[in-house]
Amino acid sequence: ETAIPKEIPKTFLAPKPSPFFSRFAFAPALRMAAVILVITAVTGGGVSFAAAGALPGDLLYGTKVNFNESIINAFKVTPEAKVEYAETRVEARVKEAEILVERGAYNGKRQEQAEAAIDAHIDVVRTRIEKLPESKKAGYTKTVDVILLPRIAKHRATVAAMQKLPPVPTTGTNIEIVSETETIV
C-alpha cells in the first residue's frame, strides 16, 4: 500500500509568478512610452516655437498658420474674441508680406502664398462677423472697412508700385529717393 502524503510540497502546487503578468513586466514598455512622449513633446514644441517666425514660403509657415494659430484660436471662447483674433491674423499676414517686400523676397511662390493668406483671413473675419448678433456686427464691420481693408489696399499699392520700378543699380550710382514710388538715379 502506498501512502498518500498528507501534505503536498509547496513547490509543486504553489503558483509561480509569470513574467507576462507581473505588475513589473510592462515597466520597460512604459518607460519607453514615457521617453517617446517626452521626445515628441520637446520636438513638437520646438517645431511649434521655431514656426512662430516663419514667413510665407518658409518650410514651417504652414505649421505657424494652421497649427499654432489654430491652437490660440481654440482658446478664444466668445464670438467677439474669435472675430478680434481673426482681425489680428489679417494684420499679421499683411506684416509678413511687408517683411518680404522689405527683404526683396516678395515674388513668385512667396507672393502667391502671402496674398492667398491675406484673402483667406479677411474672408474668415467676414464669416465670423456674420455670426455675431446684429447689435455687434456694425462695430466689427466698421473695423474691417476703416482699418483692415485700407491697410490691405495700401500694401497692395506698395507692391504694385514696387514691381513697376526699374531695377536699382548696385555699384557706383547715387540714388535719391523722392517718394515711395519715384526714384531719381
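A short reminder: the numbers here are calculations on the coordinates, not readings from a lab. Computed from a predicted structure; not experimentally measured. As a convention, Cβ positions derive from the backbone with ideal geometry for all residues, glycine included, and neighbour counts pool all protein chains shown.
Computed values, structure above
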item	result
Residue pairs, from the table K76/K142; K64/K131; K82/K164, whose Cα atoms sit over 31 Å apart	K82/K164
Estimated distance in nm for a label pair at N66 and T127, the labels positioned 7 Å out from Cα along Cα-to-Cβ	1.5 nm
Normalised contact order of segment 38-158, rounded percent, pairs of Cα under 8 Å and 6 or more residues apart	26 percent
Cα gyration tensor shape of segment 20-162, rounded if a/c is under 1.5, else prolate or oblate by comparing a/b with b/c	oblate
